[in-house]
Each structure stands twice: as structure tokens, then as C-alpha cells.
Amino acid sequence: MRRAGGSFGGGMSAATQFLSRVLPQSESNHEYDYRMRQTVTIIVGGTILWALALVIEIARKAPTNALWICVSGIVMGLIGLRYSIRRLRRERRS
């Protein structure tokens, strides 16, 4: 989110910085912007949790099945992220 002066706030999270790059900026319709950012933030958070689970399972020397579950969670999160960003951009244009 941009402040009135045009500069980023000092306390922006990594997810907010990512979103400010990939999603188009607009000064109108703040509720819509909030919904867009909330959706993408949840997907990014879930993908990060799957990656963390993968690291933990590798450290535990878990069976291959558990590793593939984590990998599929990461891949599905990335697909969902791409889909959501494209959908939100398409909604923004119309």
C-alpha cells in the first residue's frame, strides 16, 4: 500500500511488498484492494507453511510419501497464486 506521499511505509511485510509489485495499484475502491491482498496473502502463507513442512519432514527423514504430499502442496499453492493474481487483474480491468 502506498501512503499519501508516495513512499512505502517502513513496517511493510514481505507479503505486502510482493503484492505491491504484482498487483496493479489504485487509489479507488479500497475494499476491493483489501480483498485482493487478503486472498493472495493467504495463498502465499499456505505455500510457505507447506515449504516449512517439507523442510521438517526432510529433517525427520520421513517416508517418500510425506515428502511428495508437501511438494504437491507447494505446487498447488503456486498454481493457486498464479490463478488468483491473473483473476484479480482481470477483474480490475473490467
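Only the coordinates and a few stated rules stand behind these numbers; no lab work does. Since this is a predicted model, take the numbers as computed values, not measurements. Cβ sites come from the backbone with ideal geometry, for glycine too, and all protein chains shown count toward neighbours.
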Equivalent ellipsoid semi-axes, the range 38-94, via Cα gyration tensor eigenvalues times 5, rooted, Å: 30, 10, 5
Enumerate the calculated ³J(HN,Hα) couplings along the range 35-50 in order (Karplus 6.51 cos²θ - 1.76 cosθ + 1.60, θ = phi - 60°), each rounded to whole Hz, writing x wherever the residue is Gly or Pro. 5, 4, 5, 5, 4, 5, 5, 5, 5, 4, x, x, 5, 5, 5, 5
Which listed residue (Val44, Pro63, Ser84) has the Cα farthest towards the positive end of the charge dipole for the range 38-94, taking +1 on Lys and Arg C-beta and -1 on Asp and Glu C-beta about the Cα centre? Ser84
Spelling out what I want: for every residue of the range 77-92, take phi, set θ = phi - 60°, compute 6.51 cos²θ - 1.76 cosθ + 1.60 (Karplus), and round to whole Hz; glycine and proline get x. x, 5, 5, x, 5, 4, 4, 5, 5, 5, 5, 5, 5, 5, 5, 5
